[in-house]
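The block underneath contains the structure these notes are about, expressed in structure tokens.
Just so it is clear, none of the values below were taken in a lab; they were calculated from the coordinates. Just so it is clear, the model here is predicted, and its values are computed rather than measured. In this analysis, Cβ positions are derived from the backbone assuming ideal geometry, glycine residues included, and neighbour counts consider all displayed protein chains.
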There are 2 protein chains.
Amino acid sequence: MHVATDCIVFGFDAGKLKLLIFKRQLEPFRGSFSLIGSFVGLEEDVDTAARRVLKNITGLENIYLEQLKTFGKADRDPGGRCISIAHYALIRIDDNNKKLVAKYGAFWYDLDVLPPLVLDHSEMVDVALKTLRQKAKHQPLGFELLPRKFTLPQLQILYEAIYQRPLDPRNFRKKVLSLKVLTKLNEKDKSSSKRGAYLYKFNQKKYEKLLKSGFDFQI
Amino acid sequence: MHVATDCIVFGFDAGKLKLLIFKRQLEPFRGSFSLIGSFVGLEEDVDTAARRVLKNITGLENIYLEQLKTFGKADRDPGGRCISIAHYALIRIDDNNKKLVAKYGAFWYDLDVLPPLVLDHSEMVDVALKTLRQKAKHQPLGFELLPRKFTLPQLQILYEAIYQRPLDPRNFRKKVLSLKVLTKLNEKDKSSSKRGAYLYKFNQKKYEKLLKSGFDFQI
DNA sequence: ACAAAAGTGTTACGTGTACACCCATGA
DNA sequence: TCATGGGTGTACACGTAACACTTTTGT
């Protein structure tokens, strides 16, 4: 039986959630859109295969990657029996990986204008989105999608994109800051306003300490 | 590459959470304990394979079963490359399936006195337990482990076993009843007290209606 | 009558939510 | 000076958590 992995890759750019998809250059399904993926090598860990795929197309190595679900219907691939262990990844989109992505014939697509994808890949995206929305509530996923330094308005826009509903800026700031996992910097980002907004960093160490003392992250 | 499925099967009996494990009758690992499992047939859906395994050993067909996670380390099975899609199931233990289980050389083990299991099966159990504890908060899993008719004290003991902490009976009853998904019957169960406790049924229809009108089940 | 489990209400506290105005700045 | 986005505080509703006694009944 063939064993593959497919990656649902999320990014965030220009205030919108994006998905990385691929225009197939080869048969089968040449010209159709699909997720990025690969067969799992005979001596390769399944999650290593997923990381290999990601590195090839984005050049990135230390990215947030989690197993999503295994798609194992007997008839899911008309080309022959093949199960796929789907993974999802969160990526900071920047100019470097934008170029690399383009070079491989891949695209960052707005989630709400996604074209149909081959096989059961659209279903994979649906499951991944639900999971992302669920997990974002209780884990600091958001910071994986933003630049290392970000402003609170940026963070709010991201969570509004994830949850698909507007958030109140006062309540949002209050909640986020009460978690005590952000470090305020003495720099402002003036790219989107004259006044400028303070930049913050996510403090991983502090977050892990708090986790150990049993606290419940929640946004 | 070989593709298998293993099932983490939870039950509830005598006030304790139980796990169904299996003493291997054949090589490899003869005499050791393992989860129940099987290879996935070439023309068989992965989840169908899991249901087949469960039916063989418990005789049950319509049981709560969910995919847990795929275990895909290259070296997880020294006998040759094999990935396993782990599933977990929740079962109402009764005298019928107790007999069947015994016939196949399987056992219901208390979770806190579990022997070591072969391969990465102990890790699978750990992951399943964490998932169960997490999911139980937001989905009505508990009712899958109790008889169709159950008392509120029974339900409380079950949730205490899942969460591993005592719950206040007044607050517990209040919360559970406020969900409006239980139907009170005009019968009492006197097996554990002289006074007897009212029996209740979980109302699946009502639950699904409430879900549609967007409510958040929570225990 | 007593032992053993079932059943019941109230209060204090913290968390989430709704809501509107001033601030800083570059053009 | 004005347009634009950044930043702030308060009041109320709600849910959660803590807590102790009465009821029923078989022995």
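Put a label point 7 Å from Cα along the Cβ direction on residue B:203, then list its distances to the equivalent points in the other copies in nm, shortest first.
Values, ascending and in nm: 5.0.
Which of B:116, B:147, A:71 sits closest to the plus end of the dipole of the protein assembly as shown, meaning its Cα is farthest towards the positive end, when Lys and Arg get +1 and Asp and Glu get -1 on the C-beta?
Positive-end residue among those listed: B:147.
Just how large is the dipole of the protein assembly as shown about the Cα centre, in debye to the nearest 20, putting +1 at every Lys and Arg Cβ and -1 at every Asp and Glu Cβ?
Roughly 2360 debye, rounded to the nearest 20.
So how do B:213, B:84, A:193 line up by other beta-carbon neighbours within 10 Å, fewest first?
B:213, A:193, B:84
Is there a pair in A:201/B:212; A:18/A:55; A:16/A:135; B:99/B:184; B:18/B:103 whose C-alpha atoms are over 29 Å apart, and which pairs would that be?
Distance filter (> 29 Å) returns A:201/B:212; B:99/B:184.
I need the helices of chain B that pass two filters: whole DSSP H segments spanning 15 Å or more by Cα along the axis, and mean Kyte-Doolittle score no lower than 0.5.
Qualifying helices: B:152-163.
Show me, for segment A:29-43, the HN-Hα J-couplings you get by feeding each phi into the Karplus relation (A = 6.51, B = -1.76, C = 1.60, θ = phi - 60°), rounded to Hz, glycine and proline as x.
Rounded to whole hertz, the list is 6, 3, x, 7, 9, 8, 6, 8, x, 6, 6, 8, x, 4, 10.
How much length, in nm to one decimal, is gained on full extension between residue A:177 and residue A:39, taken as 0.36 nm per residue of separation minus their Cα-Cα distance?
45.4 nm
So if each residue of separation counts as 0.36 nm, and I subtract the Cα-Cα distance between residue B:163 and residue B:96, what length gain in nm does that give?
21.3 nm
Please give, to one decimal in nm, the separation of the simple spin-label points placed at residue A:61 and residue B:55, each 7 Å out from Cα toward the Cβ.
A separation of 4.9 nm, rounded to one decimal place.
Mind checking the full-extension length gain between residue A:217 and residue A:133? Use 0.36 nm per residue of separation minus the Cα-Cα distance, one decimal, nm.
Fully extending the segment from residue A:217 to residue A:133 adds 28.8 nm.
Counting only other chains, and only Cβ atoms inside 10 Å, what mean value do you get across the residues of A:64-73?
Per-residue shielding by partner chains comes out at 4.
Would you kindly compute the Cα radius of gyration of the protein assembly as shown and its largest Cα-Cα separation (Dmax), both in Å?
Reported Rg and Dmax, both Å: 24.5, 76.
With charges only on Cβ, +1 for K and R and -1 for D and E, what is the dipole size of segment A:1-123 about its Cα centre, in debye, rounded to 20?
340 debye
Taking N as the number of residues in segment A:24-169, what is its alpha-carbon radius of gyration divided by 2.2 N^0.38 Å?
Against the empirical 2.2 N^0.38 Å value, I get 1.12 for segment A:24-169.
Grab the residue from chain B whose Cβ hugs the B-to-A rotation axis most tightly, plus its distance in whole angstrom.
B:70, 2
If we hang a label 7 Å off Cα along the beta carbon direction at residue B:170, how far is it from the matching labels on the other copies, in nm, shortest first?
Ordered by increasing distance: 3.5 nm.
Can you give the convex hull volume per residue for the Cα atoms of segment B:1-59, as a whole number of Å³?
Output value, Cα hull per residue: 103 Å³.
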